[in-house]
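Data block below; observations after.
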Amino acid sequence: MVRISTNQYHQTALNALLDQQNTLSKVQEQIASGKRILSPSDDPSGAARVLELAQSIESTERYNRNIDAAESRMGLEESTLNEVSSTLQRVRELAVQAKNDSNTAEDRKKIAAEVREQWKHLVQLGNTTDGNGEYLFAGAQSGTRPFQTQADDTVQYAGDQTARRLQVGAGRSMETTHTGYETFMDMPASYKVTATTGSTGTATAAVAVNTSVTQREDVSGYEVRFTETADGGFDYAVVDDSGNAVTDSDGNAITGRYEAGRSIQLPEQGVELTLHGQPADGDALTIQADSDRSMFDAVERFASALENASDTEQGRSAFQAAGDRALAEVDAGLENVERIRAEVGGRLNGLDSERNANEAAALELKSARSTIQDLDYASAISEFSRRLTGMQAAQQSYSKIQGMSLFNYL
């Protein structure tokens with residue numbers, strides 16, 4: 001017969017009660033938290049999977065926060081570009097108004113004042129900042145003021161050509177703005193026209209570039225040559241930089257009767273020449289590429305033409321050509337802005353799709369995490385009741401046995 005000491009009996013009973021209490025406390029904590037896994041030791045593999053899922057959920061939520069930031073930035077870009085478009089449209093209206101032959105030089109100088117204000121406004125729009133004080137069109141150099149005016153009224157770009165990007169999905173990043181170079185500086189090729197040495201007439205021309213022609217030839221060095229006819233009129237002929245006749249798509253030389261205001265199409269080169277003034281026999285106009293091709297240059301150049309307008313025949317002819325050039329360059333600027341706005345719209349649509357995909361992925365991840373981590377309340381409450389009953393029974397039995405002693409029977 002094994003004899004159990006009173007001390008051993010009490011210690012064993014106490015340990016059993018403590019184990020019951022610990023188990024009951026854990027079940028109670030699970031019910032209070034709603035979690036099945038309270039520590040990695042409860043389910044090591046499950047805990048590792050829950051941690052992995054939590055990291056994936058956090059990444060997905062971070063992508064959506066990036067989408068919010070991207071939408072805010074793109075929304076600001078869209079509203080700014082809308083204002084740029086309105087500004088250019090106003091400059092265009094002023095160019096049409098100024099080209100009216102009824103205007104005097106003084107009238108045009110008055111128009112110049114408003115064109116100057118529109119130019120300043122355009123520079124301000126180029127230096128737009130977002131809610132964080134970062135320059136919208138500076139590229140990756142968001143802390144640098146991108147457009148800086150110089151003493152000669154030229155505008156230099158101090159940003160870079162790296163578009164800012166944000167990660168908006170697993171394996172997908174998106175440009176959130178366009179650079180100032182792409183938006184304001186990189187306009188289609190611009191050309192200036194000058195009379196060759198020895199020309200005595202007042203003829204001049206404006207060159208408009210057809211941006212829809214993707215494979216354009218450079219027309220630098222091309223000339224428009226004038227020859228007086230027997231009836232006192234003039235014929236023109238267009239030659240390239242080697243003096244060879246420029247031909248159309250059918251191989252016919254581009255020649256014709258001169259008329260002031262007439263447009264000459266060079267379809268293979270993707271340009272249009274508009275002639276003004278009165279040529280003299282033997283005069284020629286030379287076309288040269290102009291390095292000043294930004295949106296700011298175009299508006300400033302037009303303002304200068306207005307300010308320097310004169311009422312002489314040569315002055316009027318020169319201004320008409322300047323007005324035509326301004327219209328062509330402003331139209332190119334408007335086309336570029338609309339192209340970029342269309343890209344912004346496409347990106348915003350892409351962000352909507354990416355957000356929906358992220359939200360669907362997050363829902364699946366949270367569901368998987370819930371399956372592993374969350375508590376089955378019905379089972380837990382049943383277990384709690386069972387454990388509580390067991391503990392109460394243990395306490396009652398221990399209490400009764402504890403009161404028993406041999407001395408009670410002596």
**Study point:** Sequence ranges 195-208, 97-110, ranked by mean other-Cβ count within 10 angstrom, highest first
**Key:** 195-208, 97-110
Practice item. Please arrange Thr179, Thr286 by counting, for each residue, the other beta carbons lying within 10 Å of its beta carbon, fewest first. Key: Thr286, Thr179
Review point. Binned at 10 Å from 0, what are the whole-percent values of the Cα-Cα distance distribution for the range 197-355, short to long?
Key: 10, 33, 31, 15, 6, 3, 1, 0
Check your understanding: With a sphere of radius 9 Å drawn around the Cβ of Glu223, what net charge do the other residues whose Cβ falls strictly inside it have (Lys, Arg +1; Asp, Glu -1)?
Key -> -1
Revision key, fill the gap. In Å³ per residue, the alpha-carbon convex hull of the range 238-308 encloses 131
Point to revise | the range 236-301: trypsin sites (Lys or Arg not before Pro) falling in loop per DSSP and having at most 14 other Cβ within 10 Å | key: Arg262
Review point. Using alpha carbon centroids, what distance separates the range 226-244 and the range 71-107, in Å?
Key: 37
Exercise for review: Scan around Val271 for amide H atoms under 5 Å from its own, H built in the peptide plane at 1.01 Å from N, and keep only partners 5 or more places away or cross-chain.
Suggested key: Asn210, Leu266
Practice item. Over the range 206-361, calculate the relative contact order: mean separation of alpha carbon pairs under 8 Å at least 6 apart, over the residue count, as a percent. Key: 24
Revision key, fill the gap. For Arg325, Arg92, ascending order of other Cβ atoms within 10 Å (fewest first) is Arg92, Arg325
Review point. Once you list every other residue whose beta carbon is under 11 Å from the beta carbon of Leu88, what net charge do they have if Lys and Arg are +1 and Asp and Glu are -1?
Key: -4
Review point. Can you sort Ser317, Ser220 by how many other beta carbons sit within 10 Å, fewest first?
Key: Ser220, Ser317
Point to revise | Where GluC sites (Glu not before Pro) fall in DSSP loop in the range 228-278, at most 11 other Cβ within 10 Å | key: Glu259
Check your understanding: Where Lys and Arg each count +1 and Asp and Glu each count -1, what net charge lies around Ala203 among other residues with Cβ under 13 Å from its Cβ?
Key -> -4
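Bear in mind these aren't lab numbers, they're just calculated from the coordinates by the rules spelled out. Predicted, not measured: the structure shown is a model, and the values here were computed from it. Neighbour counts are summed over all protein chains in view; Cβ atoms, including those assigned to glycine, are modelled from backbone coordinates with ideal geometry.
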